[in-house]
Amino acid sequence: VAIGSVNGIIGGSGAGDRNIISGNGQNGISLTGSSCTIRGNYIGTDVNGVLNLGNTGGGIIILGASNTIGGGNAGDGNLISGNNSGGIGASSTASVTVVQGNYIGTDKTGTVAIPNVGVGVNSDGVNAIIGGSAAGERNIIAASTSHGISIAGVGSVVKGNYVGTDVAGITDLGNSGAGIRVNGASITIGGSASGEGNLVSGNNT
């Protein structure tokens, strides 16, 4: 799926709104537009959210600005697993990318690994928001063959996520690289308010 529009919506919070975007020879979704929302989809798995049918490229590749992947309400999060070039990638041209409420590298229950090959969430853009203080905004980022999260660019915030565990924060589904890798400026990891801390556990570095 290639999206170059403004204010586009792919998927929705209801089960009937869900797209299954899997088994493609390129990226699952290539997003060059702005102010778009991608929510409630299965990207890289079967219709039941339990089998690996990964796309040859990344799950979602983001080039545009002010896009939202997932969300904090029930059903907003995407399942992004089994892809062969990472889960979510935001390029240096992307700004204010919001990534919330997604299961990245697991099955739909958040308890079984379906690894993405590469980084779970890789952001080189500006002012990305990955996770949030509310439980519904939490991303589960697990089982990647590289880092769970890799942040470059400037001004991004990573808070409230489970990186390397299952949805309950108990079972080890560690990423093969670092849980969170930082190579940017003015990056905030966690915070002092309730719910802002990340759980980073079971990763290899």
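The values are calculated or read from the model by the stated rules, or taken from the named source; none is laboratory data. Source: prediction; values computed, not measured. Cβ placement follows ideal geometry from the backbone for every residue including glycine, while neighbour counts extend to all protein chains displayed. Remember, those area values only see protein heavy atoms, side chains included, never the ligands or the DNA or RNA. Shrake-Rupley method; radii C 1.70, N 1.55, O 1.52, S 1.80 Å.
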Worksheet entry | Cα-based Kirkwood hydrodynamic radius, the stretch 61-110, one decimal, Å | 11.5 Å
Discussion item. Binning at 10 angstrom from zero up to the longest distance, how are the C-alpha pair distances of the chain distributed in percent?
Written reply: 11, 42, 39, 8, 0
Worksheet item: Under a 1.4 Å probe, what is the accessible area of the chain per residue, stated in Å²?
Response: 38 Å²
Worksheet item: Under 18 Å from a point 7 Å along the Cα-to-Cβ line of THR109: which residues of the stretch 132-151 have their amide N that close?
Response: 140-143
Item to complete: For the chain, give the percent of accessible area contributed by carbon and sulfur heavy atoms, probe 1.4 Å, rounded to a whole number.
Response: 49 percent
Worksheet item: By per-residue mean of other Cβ atoms within 10 Å, what is the highest-first order of 165-175, 128-138, 78-88, 60-70?
Response: 78-88, 60-70, 128-138, 165-175
